[in-house]
Amino acid sequence: MKASDLFVKALEAENVEYVFGIPGEENLDLLESLRRSRIKLVLTRHEQAAGFMAATYGRLTGRTGVCLSTLGPGATNFVTAAAYAQLGGMPMLMVTGQKPIKSSKQGHFQIVDVVRMMEPLTKYTRQIVSIGNIPASVREAFRRAEEERPGAVHLELPEDVAHEEGDGKPIPKSYSRRPVAEDKAVARAVDAILAAKRPLLMVGAGGNRKTTRTVLGEFVDQIGIPFFTTQMGKGVIDESHPLWLGNATLSDGDFVHRAIDHADCIINVGHDVIEKPPFFMRSADAGDKTVIHVNFLGAQVDPVYFPQIEVVGDIANAVWQMKESLKPKREAAKWDFSRFMDIKAHFDAHLAKGQDDARFPLYPVRIVHDVQEVMPEDSIICLDNGMYKIWFARYYRAHEPNSLLLDNALASMGAGLPSAIATKIVHPDRKVMAVCGDGGFMMNSQELETAVRLKLDLVVLVLRDDAFGMIRWKQENMNFPDYGMTLANPDFVAYAQSYGAQGHRVESADAFAPLMRECFATPGVHLIDVPIDYSDNERVLNREIKRLSAALTI
């Protein structure tokens, strides 16, 4: 058996469905082995985009997404995607080629030490040096990628090793279960919650698991503790729930921060300090509240986060144990949520401001509102990174886990369109939309051709302000002159059409929602050029919200 055939058989044994990427001459044996397998190759136009697709596949399925590149520049193009998956907790395997390691044909041409390059960005990275190493290396890579906390792994398959002949067979998966939280830790957490007057639940990215979502929903419904979400925790519990107090989109000064300040016990489920903004425990008032850390792993103690109680183990099981312990004692608790509900009323009222704004270019709140109206509850929106992410994270109500995909760990531009392509591959029957700024879209816009070639039904919003809007907002906030942020764009309608997609341009605020409906009703890839008015960034996000929330005295 050829080593590349064994490698692919090992991938098949891991139930790999797709390999995203761009092969090179060092991968040709592997490519031929893939051609004869049941695994589908998704050929992309850039390795970074392939990595984003593989990571998104992992995020949506919980199974390791796989991407492929050649050596040298192909492998270095994976670096951003590796960090994206690693910081975002997404299981992903990168497979890169390499020149022959047993004999040199071309000296050091294109050779960089990819394994060492990947060490700080991955959970596991290895060069395969013989056919006999393949079964164990592949199994270990998948095990590491998927165990908590999930992340990126890397295997390098040199050209001569891929061509090697030998024997072997894949190593089957072992049966394993996550450890459950220790009874005494759960009891300590329950006692702290019962002793509190104003407990508050916080849901982060680690809660974004199918079983955990179910148990958290039961916890809120049966125990009745109000909750808020981080950006990557959006949708874990339906945000139309009457106990939802908002999303921690801004670092401070929002209505949700008034609730955090008012709470005397915060139950932190699945959040860690990689997510931004972090949950702040200020040293001066840390003694006024108890923070309970509920996660797969222990807390990473940080100047902004140092919980008093840690419940470490399978999150779903831990939350279930807490729920079952609290239920018979719920009526005896002396909780007072009236102030939380007052804060929520003011927050909900503020979310409604601007939903019908008729200005053109379009107002961000109007864009979010119209997208919310058009998209079904089970649809999926894939956000790139830019100014609009703040508006969507704060104003969009996510009803299901992974229905608003955003990256708030690495926060890389250029991921929106590749992420949407992978999402549509995983969920072909659900409506999928990419929302990109003009800056982020142009970083991987070439993947429009990939979407067209795959015959996907996909809508891409390009929110155009002809600038790098997020940094421009920060620049204004720091009272610096407007400098170095504006740019010129192509005609996005013609650009989309040149790839075989359909291009559209919004001409008025009232035309936006009907145009989106028309695009979703028509098969194919649709790009909508949406001029956006960011003139209220500073006034609303930095001044109005802080002024209104500060008026709510605790």
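Of all residues in the range 23-57, which are hydrophobic (A, V, I, L, M, F, W, C), within 20 Å of Phe441 (Cα to Cα) and either in contact with a Pro (Cβ under 7 Å, 6 or more places away or on another chain) or free of Cβ contacts under 8 Å to residues at least 60 places away in the same chain (or both)? Of everything in the range 23-57, those that are hydrophobic (A, V, I, L, M, F, W, C), within 20 Å of Phe441 (Cα to Cα) and either in contact with a Pro (Cβ under 7 Å, 6 or more places away or on another chain) or free of Cβ contacts under 8 Å to residues at least 60 places away in the same chain (or both) turn out to be Ala49, Phe52, Met53.
Only one of the numbered conditions (1) under 14 Å from Met232 (Cα atoms); (2) touching a Phe, Trp or Tyr at 6+ places or on another chain (Cβ under 9 Å); (3) among the small types (Gly, Ala, Ser) is not met by Ala393, and that is (2). Residue-level check: of (1) under 20 Å from Gly65 (Cα atoms); (2) modelled with pLDDT of 95 or more; (3) not basic (Lys, Arg), Asp407 misses just (2).
Cβ-Cβ contacts under 8 Å between residues 6 or more apart (or on different chains), taken from a first residue in the range 227-253 that is within 23 Å of Leu541 (Cβ to Cβ) and in the same structural domain as Tyr396 (by TED's automatic domain parsing) to a second residue that is in a strand (DSSP E or B) and β-branched (Val, Ile, Thr), are absent. You will find that of Ala248, Ala259, Ala263, Ala299, the residue that is surrounded by fewer than 21 Cβ atoms within 10 Å (Cβ to Cβ) and of a type in the set (Gly, Ala, Ser) is Ala299 and no other. Evaluating Pro364 against the criteria (1) surrounded by fewer than 23 Cβ atoms within 10 Å (Cβ to Cβ); (2) out of contact with any Lys or Arg (no Cβ under 7 Å at 6 or more places or on another chain); (3) not assigned by TED's automatic domain parsing to the domain that holds Arg213 leaves one unmet condition, (1). At least 1 residues being hydrophobic (A, V, I, L, M, F, W, C) and more than 27 Å from the chain's Cα centre (by Cα) is the threshold, and among the helices (runs of 4 or more DSSP H) wholly inside the range 439-534 those reaching it are 492-498, 509-521. Here is the figure for the range 108-149: residues that are assigned to a loop (DSSP other than H, G, I, E, B) and over 28 Å from Phe296 (Cα atoms) total 9. Among the residues making up the range 321-348, a single one is among the acidic types (Asp, Glu), loosely packed, with under 13 Cβ neighbours inside 10 Å and in contact (Cβ under 8 Å) with a residue 60 or more places away in the chain: Asp336. The set of residues from the range 441-487 being of a type in the set (Lys, Arg) and crowded, with 18+ Cβ neighbours inside 10 Å comprises Arg464, Arg472. Outside any loop (DSSP other than H, G, I, E, B) and under 26 Å from Cys382 (Cα atoms): does that describe Arg258? When the stated conditions are applied, Arg258 does not pass them. Of all positions in the range 373-386, at least one carries a residue that is in contact (Cβ under 8 Å) with a residue 60 or more places away in the chain, more than 21 Å from Glu518 (Cβ to Cβ) and not small (Gly, Ala, Ser).
Here Glu275 passes the criteria (1) surrounded by 17 or more Cβ atoms within 10 Å (Cβ to Cβ); (2) in contact with a strand residue (DSSP E or B) (Cβ under 6 Å, 6 or more places away or on another chain) except the one numbered (2). Of all residues in the range 306-356, those that are touching a strand residue (DSSP E or B) at 6+ places or on another chain (Cβ under 7 Å) and in a helix (DSSP H, G or I) total 7. Select, from Ala409, Ala393, Ala352, Ala398, the only residue that is free of Cβ contacts under 8 Å to residues at least 24 places away in the same chain and within 27 Å of His257 (Cα to Cα). Just a single option satisfies the conditions, and that option is Ala352. For the range 172-212, taking the residues that are touching a residue at least 60 places away in the same chain (Cβ under 8 Å) and under 30 Å from Leu30 (Cβ atoms), the one that is surrounded by the fewest Cβ atoms within 10 Å (Cβ to Cβ) is identified as Pro172.
Here the range 230-246 is the region considered, the condition is being at pLDDT below 95 and not in a loop (DSSP other than H, G, I, E, B), and the residue that is nearest to Ile390 (Cα to Cα) is Gln231.
Can we say Leu458 is closer than 21 Å to Asn402 by Cβ and among the aliphatic types (A, V, I, L, M)? Judged against the criteria, Leu458 is a match.
Let's see how each residue does on (1) of a type in the set (Asp, Glu); (2) under 21 Å from the mean Cα position of the chain (by Cα); (3) under 21 Å from Tyr395 (Cα atoms):
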{"residue": "Gln231", "(1), (2), (3)": "no, yes, yes"}
{"residue": "Ile237", "(1), (2), (3)": "no, yes, yes"}
{"residue": "Leu245", "(1), (2), (3)": "no, no, yes"}
{"residue": "His257", "(1), (2), (3)": "no, no, yes"}
{"residue": "Cys265", "(1), (2), (3)": "no, no, no"}
{"residue": "Lys276", "(1), (2), (3)": "no, yes, yes"}
{"residue": "Lys289", "(1), (2), (3)": "no, no, no"}
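Considering only residues of the range 213-226 that are touching a residue at least 24 places away in the same chain (Cβ under 8 Å) and of a type outside the set (Val, Ile, Thr), which is farthest from Lys389 (Cα to Cα)? Taking the candidates together, the pick is Gln222.
Selection of the range 381-390 for residues being surrounded by 24 or more Cβ atoms within 10 Å (Cβ to Cβ) and either closer than 12 Å to Met232 by Cα or within 12 Å of the chain's Cα centre (by Cα) (or both) yields Ile381, Cys382, Leu383, Asp384. Take the residues of the range 535-554 that are not in a helix (DSSP H, G or I) and not assigned by TED's automatic domain parsing to the domain that holds Arg472: which is surrounded by the fewest Cβ atoms within 10 Å (Cβ to Cβ)? The qualifying residue surrounded by the fewest Cβ atoms within 10 Å (Cβ to Cβ) is Thr553. Scanning the range 372-393 for residues that are of a type in the set (A, V, I, L, M), in contact with a strand residue (DSSP E or B) (Cβ under 7 Å, 6 or more places away or on another chain) and in a helix (DSSP H, G or I) yields Met387, Ala393.
Among residues of the range 258-282 that are assigned by TED's automatic domain parsing to the domain that holds Trp335 and at positive phi, those with a Cβ under 9 angstrom from a residue that is in a loop (DSSP other than H, G, I, E, B) and buried (at least 18 other Cβ atoms within 10 Å of the Cβ), sequence gap 6+ or separate chain, pair up as Gly270/Gly204; Gly270/Asn208; Gly270/Arg209; Gly270/Thr230; Gly270/Val236; Gly270/Phe296.
The values are calculated or read from the model by the stated rules, or taken from the named source; none is laboratory data. Here the structure is a predicted model, which means the values were calculated and not measured. Quick reminder, even Gly has a Cβ in these numbers, built from the backbone with ideal geometry, and neighbours come from all protein chains shown.
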